[in-house]
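Notes to accompany the following structure.
Throughout, read-outs are computed from the coordinates displayed, never taken from laboratory work. Being a predicted model, the structure only gives us computed values, none of them experimental. Cβ sites come from the backbone with ideal geometry, for glycine too, and all protein chains shown count toward neighbours.
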Amino acid sequence: MRRTKALAAFATSAALVTLAACGGGDGPEGGSDNREFEDASETIDKDPDRQGPAPEIEGAQQGGTITVYHPDDPGPEDLDPTNGWSVTGNSIQQALTHRSLTQYARDPESGEMILVPDLAEDLGSPNEDFTEWTFTIRDNATWETGAPITAEEVAWGIERSFDSSTFPSGPGTEYTEHFFEGADEYDGPYSEPKEAENFEGVTFDNDARTVTIRMSTSFPDMDYWGAFMAMGPAPLGNASQPPAYGRKPLSNGPYKVESFRPSEELVLVRNEAWVPESDPARHQYPDRWVFKFAADPTQTDELMLSGNTESQTALSASITSENYQDFVDALGDRLVQQSAQCVSYWAPDYTKITEPEVRKALAYAYDYESVWTASGEVPGVTRVPASSIMPPGMSGREEVFVDGEQITYDPERAKELLSEAGYEPGDFEIHMAYNTGTPTTEAAQEQIKRGLEEAGFTVKEYPFPIETSLYTVWTDPDNPTNKKLNLRGVNWCSDWPSGLTMLPSLLRTGATYNTAFFSEEGVDAQFDEIPQMPLEDQPAAWGALDEEILTEYFPLIPLAYRNDLFAFGEKIGNPTGDGALGAPNYKDLFVTE
Amino acid sequence: MTDPTAGVQVAEATGHPEPGEGSTAVEGRSPLQIAFGRLKRDKLAMVCAIVVLFFVLVAIFADVLAAIFGVSLDPVRNCDVLECNAANPGVGYPLTGPPYYGFDPEHPFGIAPRTGADNLAHWLYGCRTSLIIAGTATLIASLVGITLGLVAGFAGGIVDKIISFVIDFFLTIPFLLAALTIAPIVIDRFSQSEHYALYQVLSLIGVLSVFGWMGVARLIRGEVLSLREREFVLAARVVGMPTRRILLKELLPNLVAPIVISTSLMLPRLRRPRGRSGVPRHRRERRGQVGRLVGPDDRQRDPVLVQLPAVPDRADGRCRAARALAEPAG
C-alpha cells in the first residue's frame, strides 16, 4: 500500500527544552527517555469467531468532533473503495465508512492488531488447496440508506476490482489480477460490459447469503486481502458508476460522507443506519470527523502544541523534528510512535538508467541524514537506513548489503562508480520531480540536489505544488513530465505481513507502483511461483528473492525504513495507532468531556 | 485598494511645521523646494529617511555585504551545521549560535533549522528581492494609475465613463482570491521552464501591478476633476496651450502631493504580502526572501529572530517620509 505523503514525519531523544531563550547558554541539556526506532510485529493473529457489537472501550463517551490533520499529505484523490490503495485513504475509509469481508481490530491489552470478520460472518472457508473461498455475508449489515447489504452487492463490489483500466491505481491491479480466476481474460464490468454477464469468477447466492471467489492459483492470504475496502459491497448498476461514485460513495460503516474536497477536506458524520450488532470491531463515538489534507506542517505543530480548545479534540498524523522534544514534554503518552512495515525507495528508471553502477552511485549520492533532517525527520527514530527491499519485522527478511556493507552518503564512491560506468562528473543528468509550496519538501529537495551534484550528477528538477500527489505523475505513463523523468520514488507499506505484498507490487512488470519500470522475465516467473510453494517455505523464498533482485539488478534503492508519530489532543480518548495500516486507530477514538 | 487612512496617524507624530516659517525666510521658491526645506528640519522624517536609505543600500550592496560577512546563499550540507544525531539533545537545531549556544561570528544572525541556511545571507538578498518586486510593482501601478486618472478626469464624457467602468470593474475583483487563482495557473504553465524563478518574480509583479493601480487612478481622477475648472487651467486653455502640455505642465505638478502619498503608501503595502508568506503559496521563491527566514517555531525559541523580517516592514511603514513632504506642498 502506497504512502501518499512523499516524506512523512519523524522524532527523537532527550528532555531538553530549558528554553535557552535568547541565544545564550552552553547548549541544550541532555536527558534520558531515548526513544528508538521500533520494528513492526511479524504476524497478525486471526480471530474468526469474534462477533458484534465491538466491546466498549474503557471510559468511552459519545459526541464531539475530532479533527485530523495530515501535514504535507494531499490524501486520497477519490473515495471509490475499489480505487483506494493508500495508507491515508484506506485507514480512514476502512475504519469509518466502508466495510469489507474482514477487518482489523486492536487488542487493548497487547496493542497488537487482530484479523476479525466484518461483513462476512467468519474469516471465510477455503477449499483444501486455497483455490476457492466462500464467505457468508451477515444478514443485519446495512447501507446508510437503511437497506440491507446483500451477497449480490458484495459480489458486485469484488467484481469491480477486476477493472484495472477503470481503477488503474487500485489494489485489484495486483491481487485480483494475479490470483482471481478469469482475471487474465476479463477486464471488469466497465471495460467489458458484454463479458460481465457470463463472468463466473465471483458468484453469489442471495438466499444462502454466500459469496464464492474462485482463484487461478492457490491463495491462502485471501482473508487478509478481504480486509481491503475493495473487497466490499457496491450499489448495483449505475449507482456505483465511476468516476462519479468516487466523489460521493454510499457508506455502510458507522459514518457517512458529508463533504469531500480532494487535497483539502473530508467531513464525515454519524451514519444512523449502521447497526452496531453487525460489526465486530468498529465504534461510533464522535458525532463528526473532519480530515484536513495537505496541512501546513509548522502551523499544525504550533496548533497541536498550543493546547487550545481547537487542538484538544484534534490529532496530527505527523510532527516535525524541531518540535519533537516539545511534543514529548507537552503530550507524553499522547505522542504515539506507530511502527509499521514501511519503506522509502528511490526508483531509477530501469529503461533509462541501464548501468547498475549508476544506480549504485545514486545510492551513495543520497545524503540520508541530511535529507531526513531537512524534511523534518529525526534520523534513528522515525527513519533508519535501509538495506533490503522488505522491511524489518517481515518474516524471511534478511539484510542485504549489495556493496559489502551498509550504503551511506559517500560522494567519492559515487564518482568512482560513475567513472566505472564511463561517465565524467557532470555527464549524467538526473531528471526528478518534487513538491513545492511547503518548506519541508523544498528543504529536502535542496539537500537531495546538493548531494547528487557533489557526487558528480547534474540535476534537472520538475516542481509540482504540494496539492498534486507525485504518484499521479509517477504512475501515469502518458504524463509528459513523467516521460522525461529518469528518477522516481515510491514509499511502500506491506498490505499484510508477507513478502507477497512488497516485492510483486513494486517490481512485477507493469505493476502500478513499479515506478522504476523494472522488468525481468526470470523475476516475474518467481513472483508467480513462490505463492505456489508450501506455506512454511514462502517467507524464506521471498527473502532469497529480495537478495537476488538487489544483488543482480539493484532496480530499487531502499532509502529508509519508516515509522510514524501521531500527536493526539488532550481530549481525545484512547490515543492509539493501528499497526496493520500504520495509521491512527480511528475505530476506537472518542472525545472526552 | 489603497487605504487612505492608513498613514494618517503618523502625521500627528511628525509635527506640523510652522505655517509662516518657511515663506518669511525666502521668497520665490518653488513648492517643492519649500517642502524639502521643511522636511530637512523634521527630525523624525529624516531619521525615517535614513532607515529607508539603509535598506535601499543593503539591497543594492547585498552581495558586497555578504562577502564582507563571509556568508552566502549556497546550499550547505545541513548535517554539517545542525545536530542530526537523535541520540544527542537539541536534535534539529544548529550546532553553533542561537537558540542553544552563544553568538557565532561566522553566522551573525544564526542558522535556520532544517535547511542549515545562513540567516544573514537570506536577509541581505531578501531585502533586494522584496524591494525589486515592491518597487517595480509600485512604479508600474502608479504610472498606469496616473495616466488613466489624468485622462479620465480631464477628458470627461464618454472617455471618463469607460475608464471609470474599468476602474470599478477591477475594484470588484477580490485581490487575494484572484492572486490565489492565478498562482496554480502560472506554476502549471511555467514550472518546467528553465527560468521558473524569473517567471515567479514576474508573475508576482504582474499580479501586484494589475490589482494595484485603481486606487491611484481614482484619486488622480478626482483631483483632476476639481483642478480642471480652476482659473489657471482655464487660462491655459484660452491661450491655446495644447492638451498634452496642460496635462503635463499645469496639472501634473499640482498632483505631486496625492501621487507621492499614494505611492509611498503602496510600497510597504506591496512588500508585506511577500514578507509574510500570506499570499500566493506557490509563488514564494526558494531563496533570498526575508519573510521565510523565520518560522513560527523559531519565534518561540529565539525572540530575537522575530525582529529580523519585521524591521524593514516597520521601517517603511512608520517612515512614510512622504507624508511630511507632501503635506506642506498641499
Subject >> Most positive-pole-ward Cα, A:Val87, A:Gln406, A:Phe291, against dipole of the protein assembly as shown from beta carbon charges >> reply: A:Phe291
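So what is the calculated 222 nm ellipticity per residue for the protein assembly as shown, using -39500 (n - 2.57) for each DSSP H run with n of 4 or more, over all residues, to the nearest 500 deg cm²/dmol?
Working: 34 runs with 352 residues, N = 923.
Calculated from helices alone, the mean residue ellipticity at 222 nm is -11500 deg cm²/dmol.
Over region A:412-453, what number does the Rg to Rh ratio reach, with both radii from the alpha-carbon atoms and Rh per Kirkwood? All intermediate terms of the calculation are to be shown ahead of the outcome.
Working: Rg = 13.0 Å, Rh = 11.8 Å.
Here Rg/Rh amounts to 1.10.
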**OP:** Express as a percent, rounded to the nearest 5, the fraction of DSSP beta bridges in the protein assembly as shown (both residues included) that run antiparallel.
**Re:** 70 percent
**OP:** Compute the length gained on full extension between B:Met46 and B:Val64: take 0.36 nm times their separation in residues and subtract their Cα-Cα distance, giving the result in nm to one decimal.
**Re:** 3.9 nm
Subject >> Estimated inter-spin distance, A:Thr309 and A:Arg334, nm [label 7 Å along Cα→Cβ] >> reply: 1.6 nm
**OP:** Just rank A:Asp49, A:Asp80, fewest to most, by other beta-carbon atoms within 10 angstrom.
**Re:** A:Asp49, A:Asp80
**OP:** Determine the shape class of region A:103-162: with a ≥ b ≥ c the square roots of the Cα gyration tensor eigenvalues, call it rounded for a/c under 1.5, and otherwise prolate if a/b is greater than b/c, oblate otherwise.
**Re:** oblate
Subject >> region A:380-471: projected area of the alpha-carbon convex hull, averaged over directions, in nm² >> reply: 8.0 nm²
Subject >> Cβ-placed point charges (K, R +1; D, E -1), dipole of the protein assembly as shown about Cα centre in debye, nearest 20 >> reply: 7820 debye
Original post:
Once a ≥ b ≥ c are taken as the square roots of the eigenvalues of the Cα gyration tensor of region A:266-368, is the result rounded (a/c under 1.5), prolate (a/b larger than b/c) or oblate (a/b not larger than b/c)?
Top reply: oblate
**OP:** Go through region B:47-76 and name the chymotrypsin sites (Phe, Trp or Tyr not before Pro) that are in a DSSP coil and have 15 or fewer other Cβ atoms within 10 Å of their Cβ.
**Re:** B:Phe61
Subject >> Among A:Leu335, A:Gly226, A:Ser311 - extreme Cα towards positive end, dipole of the protein assembly as shown, charges at beta-carbon >> reply: A:Ser311
**OP:** Could you list the trypsin sites (Lys or Arg not before Pro) in region B:174-242 that lie in coil according to DSSP, counting only those with at most 14 other Cβ atoms within 10 Å of their Cβ?
**Re:** B:Arg230
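Can you compute the charge dipole magnitude of region A:48-164 about its Cα centre, using +1 on each Lys and Arg Cβ and -1 on each Asp and Glu Cβ, nothing else charged? Give it in debye, rounded to the nearest 20. Intermediate values should be presented prior to the final figure.
Numbers: 5 positive and 23 negative charges, 63 e Å.
So the magnitude is around 300 debye.
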Original post:
Among A:Pro254, A:Gln241, A:Ala208, which residue has its Cα positioned farthest towards the positive end of the charge dipole of region A:208-353, with +1 placed on the Cβ of Lys and Arg, -1 on the Cβ of Asp and Glu, and the dipole taken about the Cα centre?
Top reply: A:Ala208
**OP:** Pick out, in residue order, every one of the GluC sites (Glu not before Pro) in region B:136-231 that is DSSP loop and has at most 10 other C-beta atoms within 10 Å; say none if there are none.
**Re:** B:Glu194, B:Glu229
**OP:** Kindly state, to the nearest 0.05, the FRET efficiency for B:Val256 paired with B:Glu194, given R0 = 35 Å and r defined as their beta-carbon distance.
**Re:** 0.25
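Dipole of region B:117-205, Cα-centred, from +1 at each Lys and Arg C-beta and -1 at each Asp and Glu C-beta, to the nearest 20 debye? It would help to have the intermediate numbers written out before the result.
On the way: 3 positive and 5 negative charges, 21 e Å.
Value, rounded to 20: 100 debye.
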Subject >> Alpha-carbon centroids, region A:185-221 and region A:50-72: separation in whole Å >> reply: 35 Å
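Could you tell me what a quarter of the Cα convex hull surface of the protein assembly as shown works out to, in nm² with one decimal place?
Numbers: hull surface 180.1 nm².
Directional mean of the projected Cα hull area for the protein assembly as shown stands at 45.0 nm².
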Original post:
Dimensions of region A:397-538 along principal axes (Cα, Å, largest first)?
Top reply: 49, 39, 26
Original post:
Which order do A:Ser316, B:Ser264, A:Ser419 fall in if you start with the one that has the fewest other Cβ atoms within 10 Å?
Top reply: A:Ser419, B:Ser264, A:Ser316
